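The structure appears right after this line, and notes come after that.
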């Protein structure tokens with residue numbers, strides 16, 4: 001895995017991007033031209049930290065500082081800019097959860113993640129779900145938040161309990177999850193939900209059924225079909241095979257180890 005870690009480090013943007021007002025130290029979705037964003041930066045930071053890169057490593061240190069600099073005043077995170085209010089600049093529950101996971105994985109400084117938890121509590125719907133800006137409602141936001149809270153040891157927090165209740169209530173009869181509103185199950189949403197459940201300590205039959213769904217939908221070549229779970233504009237959705245495969249593997253590994 002070391003060449004992969006070295007590649008992630010080399011992909012870090014080393015200069016500010018004035019178009020969005022962000023400092024140096026973030027990651028974008030592709031090289032070399034993409035804008036740095038909270039989701040890719042969070043995933044890069046979390047990957048480096050979980051691999052054992054020390055907190056004082058300049059790549060990890062600058063990534064953490066970038067996330068702090070791009071945090072909204074209310075404790076949440078959007079995608080490209082701070083304190084955005086419209087469309088894709090608005091705060092996002094899934095991106096906030098990923099930033100929380102990344103900062104919690106690094107440690108080493110005060111991150112005040114309690115502010116993010118309070119923001120999520122204000123955004124949570126009465127039924128326990130959370131919407132998501134960048135992926136189709138509603139499994140993505142709800143599952144990512146449950147995973148973050150579970151990894152932080154807050155699986156008994158009211159927000160986490162609401163997320164878990166909603167996910168369990170909206171599991172499809174086949175054991176997977178779609179969008180939570182009748183769509184067919186997808187590898188991504190099933191994996192996100194399974195990661196959330198096992199992070200919160202829920203490893204009984206609902207989690208086992210999700211693991212069976214993922215194992216049963218693995219293709220003969222070892223991969224999974226991507227679903228149209230990404231959202232860009234009204235009427236324009238997208239999928240990413242790497243995302244489907246990566247999250248399915250992560251979820252199955254998390255279920256087996258826990």
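Restricting attention to the range 78-115, the residues that are at positive phi and in a helix (DSSP H, G or I) add up to 1. Each residue in the range 223-245 was checked for being within 22 Å of residue 88 (Cα to Cα), over 15 Å from the mean Cα position of the chain (by Cα) and assigned to a loop (DSSP other than H, G, I, E, B), and 5 of them qualify.
Looking at (1) more than 19 Å from residue 100 (Cα to Cα); (2) part of a helix (DSSP H, G or I); (3) touching a strand residue (DSSP E or B) at 6+ places or on another chain (Cβ under 8 Å), which is the only condition residue 8 fails? Just one mismatch for residue 8, condition (3). Of the residues 131, 172, the single one that is free of Cβ contacts under 8 Å to residues at least 60 places away in the same chain, outside any helix (DSSP H, G or I) and within 17 Å of the chain's Cα centre (by Cα) is 131. For the range 17-40, how many residues are loosely packed, with under 15 Cβ neighbours inside 10 Å and more than 19 Å from residue 242 (Cβ to Cβ)? The qualifying residues number 3. Can you find a residue that is over 22 Å from residue 131 (Cα atoms) and at pLDDT 95 or above anywhere in the range 229-245? Checked the range 229-245: at least one residue is over 22 Å from residue 131 (Cα atoms) and at pLDDT 95 or above. Are any of the residues in the range 36-55 touching a strand residue (DSSP E or B) at 6+ places or on another chain (Cβ under 6 Å) and either within 27 Å of residue 141 (Cβ to Cβ) or part of a helix (DSSP H, G or I) (or both)? Checking the range 36-55: at least one residue is touching a strand residue (DSSP E or B) at 6+ places or on another chain (Cβ under 6 Å) and either within 27 Å of residue 141 (Cβ to Cβ) or part of a helix (DSSP H, G or I) (or both). Among the residues of the range 199-222, those that are surrounded by fewer than 21 Cβ atoms within 10 Å (Cβ to Cβ) and either at positive phi or in a loop (DSSP other than H, G, I, E, B) (or both) comprise 201, 202, 203, 204, 217, 218, 219, 220, 221, 222.
Taking the criterion of being farther than 22 Å from residue 100 by Cβ and touching a residue at least 40 places away in the same chain (Cβ under 8 Å), the only residue of the range 22-34 that qualifies is 24.
Looking across 120, 67, one residue alone is touching a residue at least 24 places away in the same chain (Cβ under 8 Å) and within 26 Å of residue 4 (Cα to Cα). It is 67.
When 196, 180 are screened for being under 17 Å from residue 162 (Cα atoms), touching a helix residue (DSSP H, G or I) at 6+ places or on another chain (Cβ under 9 Å), modelled with pLDDT under 95 and buried (at least 22 other Cβ atoms within 10 Å of the Cβ), only 180 passes.
Listed conditions (1) in contact (Cβ under 8 Å) with a residue 24 or more places away in the chain; (2) surrounded by fewer than 21 Cβ atoms within 10 Å (Cβ to Cβ); (3) on the phi < 0 side of the Ramachandran plot; (4) over 20 Å from the mean Cα position of the chain (by Cα) are all met by residue 43, apart from (4).
The values are calculated or read from the model by the stated rules, or taken from the named source; none is laboratory data. This one's a predicted model, so the numbers in the text were calculated from it and none came from an experiment. Glycine gets a Cβ as well: all are built from the backbone with ideal geometry, and neighbour counts include every protein chain shown.
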